[in-house]
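Worksheet for the structure shown next.
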Amino acid sequence: MKILIIQQKMIGDVLTSSILFEVLRKEFPEARLEYLIYKHTFPVVENNPFIDELIPSEKEDLKPHKFPAFLQRIRKRKYNIIIDVYSKIGTALLCAYSGANTTISYEKWYTKNFYFRVVKRAETPLTPAGLAIENRLRLLTPLIEKGPAQIKPKIYLTTTETTAAKNRLEQAGISGKEMLLMVSVLGSSEAKTYPLPYLATLLDETVEETGAHLLFNYIPKQLPEAQQVFELCNTETKEHIHLEIFGRSLREFMSLTSHCDAIIGNEGGAINMAKALEVPAFAIFSPSINKEDWALFENKATNTSVHLKDFRPGLFEKGSTKKLKKDSEKLYDLFKPEMIWPELKEFLQSIETNKKNSH
């Protein structure tokens, strides 16, 4: 039996959807399990013992001029089952003409007729896992009578990778005795990025409270924005920021994060990766994102998050997702650092206590 899972999205989605392989491997130990994802997202699921093969794809593959060749490539692999987590028109057509006996996806009025089975998304989470996890597990209900209610995504780093990251930190004078925090400085887009001056204020408060060392999560082309946050911080905070230490690759970022006591900042792929590494996380949600979808495994201690809706629910009573995205800058302006700091301070105190108790 050959099973394909499709998730042509970004890192956080690819990592979260990888939970399906662990469940499928337990239910179908002899099956061949393959994952169709963008090539640049491979590192987040590299070494996953439940995946037999990563199948590369690009956005162009679903465009009319490339789709026939892409379809032929998938048909030749002769899958028995395809689970389409991405669930868009292009992948619906791919499933319909793939030759697979069983195709499964979410119920949408414009694609449901292309699949053998469709599953309705839940709107209210039943477990601490959150809707992003629960709805993915629902895709397995046509295949598995009683699967798990929740399961955590996992990242599989090698000893070589984590040792190299530890050595790099030690060379910079970071011994592990002081608190070390990874900062998710930027969101996946401008509309999902907490205002940089506000973030700088929170970092000033953080260093004053904890004396922590700070690493910034950014890629080289984002250096100007990372530098901007650095310059907005006060002198003492700047002395605690190691701007020169960043993940030069996705695997290196994850290896560095594995040595951090926590991650704080913008909700997104970096937060999801940290959680998969069992690193505590404090996430600031964009006003345009539904917190219930992505507030995964929160417990108000080692994993927690804030959303403007928590403080100003009246602003969100009639807003559509499209309107919230359009108004994100205005809504972010209302999300003052003083609203977030009390919860962030409580989180940091909890992390500090855990660190002291572990030594």
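Please work out if residue 99 is more than 29 Å from residue 269 (Cα to Cα) and either assigned to a helix (DSSP H, G or I) or without any contact (Cβ under 8 Å) to a residue 40 or more places away in the chain (or both).
When the stated conditions are applied, residue 99 passes them.
If you check residue 351 against the conditions, is it modelled with pLDDT of 90 or more, closer than 30 Å to residue 46 by Cβ and part of a helix (DSSP H, G or I)?
It is true that residue 351 is modelled with pLDDT of 90 or more, closer than 30 Å to residue 46 by Cβ and part of a helix (DSSP H, G or I).
For region 114-130, which positions are at pLDDT 95 or above and either assigned by TED's automatic domain parsing to the domain that holds residue 277 or surrounded by 16 or more Cβ atoms within 10 Å (Cβ to Cβ) (or both)?
114, 115, 118, 119
Checking residue 181 against (1) touching an Asp or Glu at 6+ places or on another chain (Cβ under 6 Å); (2) crowded, with 20+ Cβ neighbours inside 10 Å, only one condition comes out false. Which one?
Failing condition for residue 181: (1).
Of the residues 11, 6, which single one is within 15 Å of the chain's Cα centre (by Cα) and either β-branched (Val, Ile, Thr) or surrounded by 17 or more Cβ atoms within 10 Å (Cβ to Cβ) (or both)?
So the residue among 11, 6 that is within 15 Å of the chain's Cα centre (by Cα) and either β-branched (Val, Ile, Thr) or surrounded by 17 or more Cβ atoms within 10 Å (Cβ to Cβ) (or both) is 11.
Here is a list of conditions, (1) closer than 18 Å to residue 156 by Cα; (2) surrounded by fewer than 21 Cβ atoms within 10 Å (Cβ to Cβ); (3) among the β-branched types (Val, Ile, Thr), and residue 245 meets all of them except one; can you say which number that is?
In the conditions (1) closer than 18 Å to residue 156 by Cα; (2) surrounded by fewer than 21 Cβ atoms within 10 Å (Cβ to Cβ); (3) among the β-branched types (Val, Ile, Thr), residue 245 misses (1) alone.
For region 24-76, which residues satisfy the criterion of being assigned to a loop (DSSP other than H, G, I, E, B), among the hydrophobic types (A, V, I, L, M, F, W, C) and under 24 Å from the mean Cα position of the chain (by Cα)?
50, 51
Just checking, how many residues over region 19-62 are loosely packed, with under 13 Cβ neighbours inside 10 Å, in contact (Cβ under 8 Å) with a residue 24 or more places away in the chain and more than 30 Å from residue 146 (Cβ to Cβ)?
So the answer is 1.
Do we find that residue 118 is among the aliphatic types (A, V, I, L, M), without any contact (Cβ under 8 Å) to a residue 24 or more places away in the chain and not in a loop (DSSP other than H, G, I, E, B) in this structure?
Here the answer is yes, as residue 118 does meet what is asked.
Pull up region 153-178, narrow it to residues that are under 21 Å from residue 27 (Cβ atoms) and in contact with a helix residue (DSSP H, G or I) (Cβ under 7 Å, 6 or more places away or on another chain), then point me to the one that is surrounded by the most Cβ atoms within 10 Å (Cβ to Cβ).
In this case the residue turns out to be 153.
Restricting the search to region 110-128, which residues are of a type in the set (Phe, Trp, Tyr) and out of contact with any Cys (no Cβ under 9 Å at 6 or more places or on another chain)?
Hit for region 110-128 is 110, nothing else.
Can you tell me how many residues in region 1-39 are at pLDDT 95 or above and more than 17 Å from residue 271 (Cα to Cα)?
Number satisfying all stated conditions: 27.
Between a first residue in region 299-322 that is on the phi > 0 side of the Ramachandran plot and not assigned by TED's automatic domain parsing to the domain that holds residue 281 and a second residue that is polar (S, T, N, Q) and modelled with pLDDT of 90 or more, which pairs have beta carbons less than 7 Å apart while being 6 or more apart in sequence or on different chains?
none
Look at region 137-176 and say how many of its residues are touching a residue at least 40 places away in the same chain (Cβ under 8 Å) and either over 30 Å from residue 125 (Cβ atoms) or part of a strand (DSSP E or B) (or both).
Of the residues in that region, 11 qualify.
The values are calculated or read from the model by the stated rules, or taken from the named source; none is laboratory data. Treat the numbers as computed from the prediction; the structure is a model and nothing was measured. FYI the Cβ positions are ideal-geometry reconstructions off the backbone, even for glycines, and counts take in every protein chain you see.
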